[in-house]
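A.B. asks: So that we are looking at the same thing, I have put the structure below in structure tokens.
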Number of protein chains: 2
Amino acid sequence: MSSDGRADFRPPTLDTVAAAAGVSRATVSRVVNNSAKVSADVRELVDATITRLGYVPNRTARSLAKRRTDSVALVLREADATVLADPYLAAMIIATSRSLVGTGVQLVLVNARDDPEHGTLVDYVRGGHVDGVLLASMHADDPLPRVLVEARVPTVVGGRPERPVPGLAYVDCDNVGGGRLAAEHLVGTGRRRIASIAGPPDMTAAADRLTGYHRGLAHAGLPIGPIAFGDFTRLSGERAMTELLERDPDLDAVFAANDLMAVGALRVLRAAGRRVPEDVAVVGYDDVELASLTEPALTSVHQPVSEQADTMTGLLLRQIGGAAPGDPVLLPVELVHRDSS
Amino acid sequence: MSSDGRADFRPPTLDTVAAAAGVSRATVSRVVNNSAKVSADVRELVDATITRLGYVPNRTARSLAKRRTDSVALVLREADATVLADPYLAAMIIATSRSLVGTGVQLVLVNARDDPEHGTLVDYVRGGHVDGVLLASMHADDPLPRVLVEARVPTVVGGRPERPVPGLAYVDCDNVGGGRLAAEHLVGTGRRRIASIAGPPDMTAAADRLTGYHRGLAHAGLPIGPIAFGDFTRLSGERAMTELLERDPDLDAVFAANDLMAVGALRVLRAAGRRVPEDVAVVGYDDVELASLTEPALTSVHQPVSEQADTMTGLLLRQIGGAAPGDPVLLPVELVHRDSS
DNA sequence: TTCGATGCTGTAAGCGCTTTCATCGATCAC
DNA sequence: GTGATCGATGAAAGCGCTTACAGCATCGAA
């Protein structure tokens, strides 16, 4: 009665197949792995037995024997759900998943900030359940990349780490260039009192965009307008925009460090009776799908998410294969002009 | 030279620790697993040795020995990126990830439609790299749930499967109720020529919403208005709305089976010179964040994503623990009234 | 005929961990 | 003092697979 529950069920193993086919385990293994040195008839026999028995190799056992799991972790370093709701991160997850298709490598999603102890993640990773780690959404003070490198875990970071870690590969988008692009665009369309909603200063992406934006203004000989900081959420964008309007009611443009905050700005501007783009031009960043759906549609700096994901997984897999980490990669961005500017 | 690459690096094992501490492997294992029968001083000694050596247990080996991986797969059955861009799915991924935090169970993300052969996924899952499977975004003809149940893989489906599979647990939201809610709301606000943008008929969520919508209209004694089908993408929503306007230029309301399509409808309506909600009321479905960001903000049927994810993982973990699959769960939905209706 | 290739196949030693079972003092009741 | 009991530890047998290495025909060349 209680003995036929699924707990007792055991799928066929290599031994089962070997016994049924009258060959050795090794031979079956060779057939399964398409190893060359098996005669045609034996291979056929074994194949037949495999399908007859419905045998499926046990990946865990294989991993143990080969010391390789064929899976990589994507770890997101964000504390709360609000930030995780950022469509850019979602896009990153999906893109990463897609770029792994066909490689036989599986994606393990790890939300690390949520772990009770900090050590857990490193232990997990070092515990050998994944061959390598993709790191996204990092903050400046994060010790993780260094720890991983020291533990000799193949690692690729999405975005530039705060300070260089020797032997750490990363793939960044040209945030400085993007910020500058935004500034130049606004200047180029005649705006002169440009404000900015910056992202959290502890994230290099945010800092770099701000730097680029400053350079763009400086290059045009314009003074740096008021700046308010947000945390990449829409709500923080609304707060920042409100603050900016108070500080300079006559501003004629605003550059937000991501689209979500730009959307917040759009709302506040509308509520304050400003017309976009007539009175105030708005430029966002990321170019998530949302940007094309707002009213007016948002001009935004496009990030090549898929390309970034592809590059990251490519570097990681090469590293897992034994190659050196390789140099940092910087991907170009471009401005997508829509109705808000 | 070439012999000190990372390929040759081997982290300490149980044996290493045992030898260093002068005890047996078994004892170290007991300490690591907090098994009770270890004397205090030995435990202390072993703990010290562990930290000194920086030992981390190898999860793969443990999995093999315990026949348990402590990870589950979330498989998404969608072919192309467009559909995967649906924020509802993204929310589902994040929510699932979050609901697993603290359980010690890892999430493996599998995008199954992309696999070259259809069999691969089943093999992967049966291959024992995961203890169970969460299935999302399923289509009617999908044989996967039945296959999984037959292979005795603990499985929980998100959404109602097309036809009942004995021994298959699923967690659905009340789509019939939601459709009805939408219809009643529109009727209740005086709309009489109500059209609908339905989702793909091969997904039960879409079909059920349509059913509920029909019932709501029937209950109010209203005729069923024109219906156009989309595939849950915004573009398909635009196409559908265009078609509906042609078929009935005087319609005064439209119910879309998800928010993305509702957004598409909003655009087309605006382009056609209809005011929302004055001329045409619009109701969406899912209540993703986007719904509150459109202009006008979208009335939508709210789906309890987090609750669904929590329930699914709960059921799955129980099932992995040996419990019976349990009865299907139906979660209630509610209408969130905003400006578009 | 003999020897060395050559090509398959089997043997067996791991991979690093868990867990049962046996062992061995120490403790206790009598 | 004796046997029963108990708690802590070790020995060893797996978990299911890979992969040297060895063995054994078979074949061609000398």
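The values are calculated or read from the model by the stated rules, or taken from the named source; none is laboratory data. In this text, all values refer to a predicted model and were calculated from it rather than measured experimentally. No Cβ is skipped: glycine too gets one built from the backbone with ideal geometry, and neighbour counts run over all protein chains shown. These accessible areas exclude ligands, DNA and RNA; they are computed on the full protein's heavy atoms, side chains included. Shrake-Rupley method; radii C 1.70, N 1.55, O 1.52, S 1.80 Å.
A.B. asks: Charges on Cβ only, +1 for Lys and Arg, -1 for Asp and Glu, centred on the Cα centroid of region B:129-178; of B:G167, B:T155, B:A136, which one is farthest towards the dipole's positive end?
C.D. replies: Looking along the dipole axis, the top candidate is B:G167.
A.B. asks: For B:T299, list long-range residues whose amide hydrogen, built 1.01 Å from N in the peptide plane, is under 5 Å from its own amide hydrogen.
C.D. replies: Correct list: B:G284, B:R338, B:D339, B:S340, B:S341.
A.B. asks: Could you list which residues have their amide H under 5 Å from that of B:L335, counting only those 5 or more apart in sequence or on another chain, with H placed in the peptide plane?
C.D. replies: Amide H to amide H, under 5 Å and 5 or more residues apart or across chains, B:L335 pairs with B:H302.
A.B. asks: Using a 1.4 Å probe on the protein chains only, how many percent of the accessible area of region B:170-233 belongs to carbon and sulfur?
C.D. replies: On the way: 1310 of 2340 Å².
Roughly 56 percent, rounded to a whole number.
A.B. asks: So, one more: Per residue, how much space in cubic angstrom lies within the convex hull of the C-alpha atoms of chain A?
C.D. replies: 185
A.B. asks: Per the Kirkwood definition applied to all pairs of different Cα atoms, how many angstroms is the hydrodynamic radius of region B:175-302? Please report the intermediate quantities before stating the final value.
C.D. replies: Details: mean 1/r = 0.0730 Å⁻¹.
This gives a value of 13.7 Å.
A.B. asks: Would you calculate, for the protein assembly as shown, the mean residue ellipticity at 222 nm contributed by helices, counting each DSSP H stretch of 4 or more residues as -39,500 (n - 2.57) and dividing by all residues, to the nearest 500? Show your work: numbers first, answer last.
C.D. replies: On the way: 26 runs with 283 residues, N = 682.
The helix-only estimate for the protein assembly as shown comes to -12500 deg cm²/dmol at 222 nm.
A.B. asks: What translational D, rounded to a whole number of µm²/s, comes out for region A:2-57 from Stokes-Einstein when the hydrodynamic radius is the Kirkwood one over Cα pairs, at 10 °C and 1.306 mPa s? Numbers along the way, then the final one.
C.D. replies: Values: Rh = 11.8 Å.
Rounded, D is 135 µm²/s.
A.B. asks: Still on this structure, I have one more. Solvent-accessible area per residue for region B:207-324 at a 1.4 Å probe radius, Å²? Show your work: numbers first, answer last.
C.D. replies: Working: 4270 Å² over 118 residues.
Spelled out: the 1.4 Å probe surface of region B:207-324, per residue, equals 36 Å².
A.B. asks: Considering only DSSP beta bridges with both partners in the protein assembly as shown, what is the antiparallel share in %, to the nearest 5?
C.D. replies: On the way: 9 of 77 bridges.
Around 10 percent antiparallel, to the nearest 5.
A.B. asks: Taking chain A as a Gaussian network, where each spring joins two C-alpha atoms under 10 Å apart, which residue of A:A323, A:A257, A:A169 fluctuates the most?
C.D. replies: The residue with the greatest mean-square fluctuation here is A:A323.
A.B. asks: Could you bin all the Cα-Cα distances of the protein assembly as shown into 10 Å bins starting at 0 and give me the percent of pairs in each, rounded to whole numbers?
C.D. replies: Whole-percent P(r) values from 0 Å outward: 3, 14, 21, 23, 19, 12, 6, 2, 0.
A.B. asks: Report the charge-dipole magnitude of chain A in Debye, nearest 20, computed about the Cα centre from +1 at each Lys and Arg Cβ and -1 at each Asp and Glu Cβ. Show your work: numbers first, answer last.
C.D. replies: On the way: 35 positive and 43 negative charges, 233 e Å.
Its charge dipole is roughly 1120 debye.
A.B. asks: In addition: Over the heavy atoms of A:V147, what accessible area does a 1.4 Å probe trace out, to the nearest 10 Å²?
C.D. replies: 50
A.B. asks: Next up: For A:G230, list long-range residues whose amide hydrogen, built 1.01 Å from N in the peptide plane, is under 5 Å from its own amide hydrogen.
C.D. replies: Result for A:G230 returns A:A198, A:G199.
A.B. asks: Can you pull out the buried accessible area for chains B and A, both sides counted, probe 1.4 Å, rounded to the nearest 100 Å²?
C.D. replies: On the way: alone 17050 and 17040 Å², together 28960 Å².
Roughly 5100 Å².
A.B. asks: Taking only C-alpha pairs under 8 Å that are 6+ residues apart, what is the relative contact order of region B:256-341 in percent?
C.D. replies: Relative contact order here is 33 percent.
A.B. asks: Counting pairs of alpha carbon atoms under 8 Å apart in space and at least six apart in sequence, what relative contact order in percent does chain A give?
C.D. replies: Values: 631 pairs, mean separation 52.4, N = 341.
Rounded, it is 15 percent for chain A.
A.B. asks: Something else now. Tell me the net charge near A:A36. Cut-off is 13 Å between Cβ atoms, A:A36 excluded, with +1 for each Lys or Arg and -1 for each Asp or Glu.
C.D. replies: Working: positive: A:R30, A:K37, A:R43; negative: none.
Spelling it out: positives minus negatives among the neighbours equals +3.
A.B. asks: Taking accessible area as the heavy-atom solvent-accessible surface of the protein chains with a 1.4 Å probe, which residues of region B:85-109 lose no less than 20 Å² upon going from the isolated chain to the full protein assembly?
C.D. replies: Correct list: B:A90, B:I93, B:I94, B:S97, B:R98, B:V101, B:Q106, B:L107, B:V108, B:L109.
A.B. asks: What is the dipole size for the protein assembly as shown, taken about its Cα centre, with +1 at each Lys and Arg Cβ and -1 at each Asp and Glu Cβ, in debye to the nearest 20?
C.D. replies: Details: 70 positive and 86 negative charges, 412 e Å.
For this selection, approximately 1980 debye.
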